[in-house]
Amino acid sequence: MKESSVLPPRIEPAYSFPLNCSTNLAKGKFPPVCNRRGKMHVCNPCYLVSEDHASPVLLWDAYVFNSKGTPIKDVVIPDSAQKSLLLQKHCDYIASYGSKKDDYEYCITEYLRMSGMYWGLTVMDLMGQLNRMDKDQVLQFIQQCQHECGGISASIGHDPHLLYTLSAIQILTLYDAVDMVNVEKVVEYVRSLQQDDGSFYGDKWGEVDTRFSFCAVACLSLLGRLDAIDVDTTVEFVVTCMNFDGGFGCRPGSESHAGQIYCCVGTLAITGNLHHINADLLGWWLCERQLPSGGLNGRPEKMPDVCYSWWVLASLKIIGKIHWIDKEKLEKFILACQDEETGGVSDRPGNIVDPFHTLFGVCGLSLLGNETIKPVNPVYCMPEDVIQRAGIRLELL
Amino acid sequence: MVWFEHYFGLCIVQHGRIKVKTTAEQQEAKRKEREKKLKIYNAGTEAVFQKRKNKEFDEEGLKLSGELLGVNPDIYSFWNFRREIFIDLQDKREEAELQKLLQDELHFLEACLKVNPKSYGAWHHRCFVMDAIPEPDWGRELHLCNTFLNLDERNFHCWDYRRHVVLRSNVNLDEELQYTTQKIQSNFSNYSSWHYRSKLLPVIHPDSSHPVAVQEDVLLKEFEVVQNAVFTDPDDQSAWFYQRWLLGRGQKKLQICCVHVSRDLQRIVVLLSRPVMMGQGHCLTVSIDTTPVAGKWRTITGSRMYSTLWVIDLPDQSLPVDKQASIAVTLMDDRYCTKFSEGLQLMPDQEETWAVAEFKQGSRFSTELSAAATSTMAQELESIRELQSLEPNNKWVLLTMIHLMKAIDPEHTKYAAELEESFNKLAAVDTMRKSYYWDLRSKFLIESVLESHDSKVRDVKLCQRGLSCLYHTDWMVLVTSIDLSQNYLKSVRSLSDLQCLRSLNLDNNQLADLQGLAFCRRLTDLSVKNNSICNVEVFEELRTCVFLKKLSVAGNPVCAIEDNVTKICALNKSLQVVDEQDSIG
Ligand SMILES: [Zn+2]
């Protein structure tokens, strides 16, 4: 095994390729790594030179080549990866995350604070430790973020937007406290953003996206006020965003994307219109998102990521095809994304953790049947018991 | 919560940040540096908010907010502030000055997008600027898209912006198709380009009568393009997904497929070719001896989902025992009205009567792949076989072969053995998706059996066929007896569709519950031997099956407790529960 001289010395990972791919070396550019059953597997671990240019670090992102030399983007999970769920560590990580109010990263993410709080609070509830969070402070903050128009902003001083209005309503539902804000005005705000073609603006500045259709429908259904909008045209618009592969994009004409699919499938589930979906075709596309590492990507030829794993997995659950992916392998991938030192989950093994991926990692494990986590509702990404309490009964395929 | 490729720059919620081990010294240095950065950041933010509060809509506002957006384009409120500034200046400045300002804004956006090409906020702001600028140069925008797509040919934000530009400036769509051809030629593995083609073709070469809405001769040329791609790299999924689309799937015409009238249950069941919701653009009406019947249509399970099966419970004495009745069912939608089964006769001595629509042999389920003519598909199969001889273990090749064989031969008479072999191989080479392949196989098998039946067959045998799930149970609405034993079924929920079912054999499956059977109210004989039923409560599901006479439960964990059998017996008075393996022949 010859090492290319331009690369710094490699930290030896425990290579275990589930792939069975023959290869003709892609123009000798990449070093061969191992040879099993007479077939050559080639991968190119990426190196990253750290800021001081002294200590190179191995990225687990590997390029595996198929028989024609096309790289398959994926990661390699080392044998040493974490295999059990570090629930208590994740709870401690989330609990301490919001307490460092003058922390650099905390401050510069103020523009998405409301969603950040939703991620943290939801994952704490799923792990059974919501009581560790400062409920009064949260509720007071949300109150302060509601604007004259009824919409809710990411933080004080920022502008109202459907994204944060949904996050706020999700938090309030979690605490069974929607009356803390002016519900009538929230409903009016959401209603005011619907367009003649059924689509929704994200805010008054007119960006249209199926994400906002989901925000509107999810938010109003949590408030029991779906009647406030034109549901038929909402559905019609979402259906016009359907593509040749059975998936959905941001707008009519946009490429399919797992996150966007989740939003559209969710919208159709909430409004009782799942029959528009070709479950066999979409399910096939979705289960093809699973890579040899077990992780799922969001589009063909993209890297796997814990959060994409959630969008794909939840969509599969809603259309009744969750058994089409290899559950064990996905579980292994998510568990490998945990940080044993700090707690929390990252997008890929070895990366820095954050509350966003911690939520979606834990939600993914819940959908996969992990019984130490509360069951999660695949449409709302909230604990099932909270959705039941809110009186919502959805029929899935 | 709905954030995808959204976290870049300074943002904490970021994709692909590698954890780097650092020394305490390095950490301290970093902390100090961050402290400094944060001070600047906070001061800048404060200044922008202050200006906005004071309604100071000027160049300084652009400068201050620009400094922060340049590093972090996701601070959405600052983009809003910039728009407020431009709107304010619109009335206050000369057109030439405004043109200059907005041009500068476009340059600023380019700089932002170079750092963060996936910022929703920046791309949307560009749309705003192009609408606000007095003299927009759309040609330059198209060029910008080319540049960005050269850097990343999968950037869906840029593709979306490109479609926006094309729409606004009436770019010739043929040129756009040409562009995708170029992109695909330089790299077949370009899903975004294939996607764009699927959107362009139906607009450039429309054929509304065609299932994929594209002219046949154009489709034939597309087959060549795809073939080129798959022969070059048979592992590249993009071309295969596109090929599946070319093979097409049509929307079924809405019609009534079957009507069943039951005298003793006093009800009518209707099967439609597509799921609908009664009262939402569609309605069914029934008349008996030309008198309209009042009543509410419902789904079998009471589900509020769209359904192909609809039931109406007739008012008492609608179908008296000693009288002949003439029944007519009509389906109406917003556009047209189809009368069906007019004069369906229920004779005095009859318990039930039914009518089934005529279908061309092999056409009931072929809509999945119906775009291409049979000759085209035969040709395709020929060349795919060629590819298979070169790539015997390629899953995409195997799956495509399976689909083509099924489309050419819906009843599985010609390729049955080859199909079976291909499915086995497929599940072996792509084990991660084996459940998908088994379900697909089950679907094809059930379709072939249903296609080969004519409507008079009410006894279906699907035992020992390796079924992992059930499909098309709505088409079995008339079936009175079905043998599903020795399969791999985990759920029988959809058997609720079998409204005439009397005898059901589910022996040797993997069932842990019987959910769905509550709606098979005619059921008299049920066998669930050798399944995985553990709880006696599972049989509560059968309480509504009042005609149930014989129930075989042997070989389930639930039988381990003797008392359980007695409990199950208590479901109804005439029920005989058998828990011995050999008591039924
Ligand atoms: Zn992610």
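The values are calculated or read from the model by the stated rules, or taken from the named source; none is laboratory data. Because the structure is a prediction, the values reported are computed rather than measured. Using ideal geometry, Cβ is built from the backbone for each residue, glycine included, and neighbour counts are taken over all protein chains shown. Please note that ligands, DNA and RNA were not included when accessible areas were found on the heavy atoms of the full protein model with its side chains. Shrake-Rupley method; radii C 1.70, N 1.55, O 1.52, S 1.80 Å.
Side notes on the structure shown:
- Treating r as the C-beta distance of B:Gln280 and B:Leu390 and R0 as 56 Å, the FRET efficiency rounds to 0.60.
- Compared with the direct C-alpha span, the chain from B:Val203 to B:Gln27 gains 57.6 nm at full extension, assuming 0.36 nm per residue.
- Paramagnetic reach from B:Lys39 (point 7 Å along Cα→Cβ, amide N under 18 Å) across the stretch A:96-113: A:102-105, A:107-108
- Calculated log₁₀ intensity ratio I(q)/I(0) where the Debye formula runs over C-alpha points of the stretch A:87-390, q = 0.08, 0.11 Å⁻¹: -0.32, -0.63
- Phi to ³J(HN,Hα) by Karplus 6.51 cos²θ - 1.76 cosθ + 1.60 over the stretch B:319-331, Hz, x for Gly, Pro: 10, x, 4, 8, 10, 7, 10, 10, 10, 10, 10, 10, 10
- Of B:Phe519, A:Phe200, A:Phe141, the residue with the largest accessible area leads and the full order is B:Phe519, A:Phe141, A:Phe200 (1.4 Å probe).
- Spin-label model, A:Glu371 to B:Glu59: label points 7 Å out along the Cα-to-beta-carbon direction sit 7.0 nm apart.
- In a fully extended conformation the segment linking B:Ser363 and B:Ser287 would gain 24.3 nm over its present Cα-Cα distance, using 0.36 nm per residue.
- Taking amide H as placed 1.01 Å from N in the peptide plane, A:Asn351 has its amide H under 5 Å from the amide H of B:Lys19, each at least 5 places away in sequence or on another chain.
- For the stretch A:97-133, accessible area lost to neighbouring protein chains reaches 50 Å² or more, against the chain alone with a 1.4 Å probe, at A:Tyr104, A:Glu105, A:Ile108, A:Tyr111.
- The listed residues A:Cys219, B:Cys283, once ranked by accessible area (1.4 Å probe) with the largest placed first, stand as B:Cys283, A:Cys219.
- For B:Ala357, the residues 5 or more places off, or on other chains, whose built amide H falls under 5 Å of its own are B:Cys258.
- Filtered GluC sites (Glu not before Pro), the stretch B:87-131: DSSP coil and at most 16 other beta carbons within 10 Å: B:Glu94
- Fully extending the segment from B:Gln185 to B:Gln317, taken as 0.36 nm per residue of separation minus the present Cα-Cα distance, adds 40.4 nm.
- Between B:Val546 and A:Thr233, the FRET efficiency estimated from the beta carbon spacing at R0 = 56 angstrom works out to 0.80.
- Separation between Cα centres of the stretch B:441-477 and the stretch B:147-188, rounded to whole Å: 45 Å
- Residue-by-residue Karplus 3J(HN,Hα) for the stretch B:537-552, coefficients 6.51, -1.76, 1.60, Hz, glycine and proline x: 4, 4, 6, 3, 3, 8, 4, 7, 7, 6, 8, 4, 10, 10, 9, 9
- Averaged over the residues of A:241-254, the number of partner chain Cβ atoms lying within 10 Å of the residue Cβ comes to 5.
- CD proxy at 222 nm, helix term only [per DSSP H run n ≥ 4: -39500 (n - 2.57); per residue of chain B; nearest 500]: -14000 deg cm²/dmol
- Here the contact order of chain B, divided by its residue count and restricted to Cα pairs under 8 Å and six or more residues apart, works out to 6 percent.
- Between the amide H of B:Glu352 and those of B:Arg263, distances stay under 5 Å, these residues lying 5 or more places away or on another chain, with hydrogens modeled in the peptide plane.
- Using the Cβ-Cβ distance between A:Thr240 and A:Cys149 with R0 set to 35 Å, the FRET efficiency works out to roughly 0.80.
- Annotation for B:Ala518 and B:Gln266: the two label points, set 7 Å from Cα along the Cα-Cβ direction, are 2.2 nm apart.
- Over the protein assembly as shown, accessible surface divided per residue gives 41 Å², non-protein components excluded, 1.4 Å probe.
- Gap separating the Cα centres of the stretch A:272-335 and the stretch B:532-561, nearest whole Å: 35 Å
- Taking the C-alpha atoms of the stretch B:256-356, convex hull volume expressed per residue in Å³: 90 Å³
- Accessible-area composition of the protein assembly as shown, carbon plus sulfur, in percent [1.4 Å probe]: 51 percent
- q = 0.05 Å⁻¹: log10 I(q)/I(0) that the Debye formula gives for the protein assembly as shown, counting C-alpha atoms only: -0.34
- Cα centroid separation - the stretch A:175-202 against the stretch B:74-139, whole Å: 28 Å
- Members of the stretch B:294-323 that become less accessible by 40 Å² or more once partner protein chains are added (1.4 angstrom probe, chain alone as reference): B:Arg304, B:Met305, B:Tyr306
- Put a plus charge on the Cβ of each Lys and Arg, a minus charge on the Cβ of each Asp and Glu, and nothing anywhere else: the dipole of the stretch B:256-356 about its Cα centre is then about 480 debye.
- For the stretch B:373-462, size of Cβ-based charge dipole, Lys and Arg +1, Asp and Glu -1, in debye: 340 debye
- With distances taken between every two different alpha-carbon atoms, the stretch B:8-165 has a Kirkwood hydrodynamic radius of 17.4 Å.
- DSSP bridge orientation in the stretch B:454-577 - percent antiparallel, rounded to nearest 5: 0 percent
- Straight Cα distances below 15 angstrom link A:Lys89 to the aspartates and glutamates A:Asp125, A:Asp339, A:Glu340, A:Glu341, A:Asp354, with same-chain residues fewer than 8 positions distant left out.
- Heavy-atom accessible surface that B and A bury in contact, both chains counted, 1.4 Å, Å² to 100: 8400 Å²
- Pairwise Cα distances in the stretch A:168-213 exceed 11 Å for 69 percent of all pairs.
- Put A:Lys332, A:Lys83 in order of accessible area, highest first, and with a 1.4 Å probe you get A:Lys83, A:Lys332.
- Per residue of B:267-280, other chain Cβ atoms within 10 Å of the residue Cβ number 1 on average.
- For the stretch B:454-577, taking the reciprocal of the average inverse distance between every pair of different Cα atoms yields a Kirkwood hydrodynamic radius of 14.3 Å.
- Peptide B:68-80 shows a mean partner chain C-beta count of 4 within 10 Å per residue C-beta.
- Here the Karplus relation 6.51 cos²θ - 1.76 cosθ + 1.60, evaluated at θ = phi - 60°, turns the backbone of the stretch A:383-397 into coupling constants of x, 4, 5, 5, 5, 4, 4, 6, x, 9, 10, 9, 9, 9, 6 Hz, with x for every Gly and Pro.
- In nm, spacing of pseudo-spin labels at A:Glu395 and B:Gln255 (7 Å Cα→C-beta vector): 2.6 nm
- Local electrostatic count, B:Val311, Cβ distance below 9 Å [Lys/Arg +1, Asp/Glu -1]: +1
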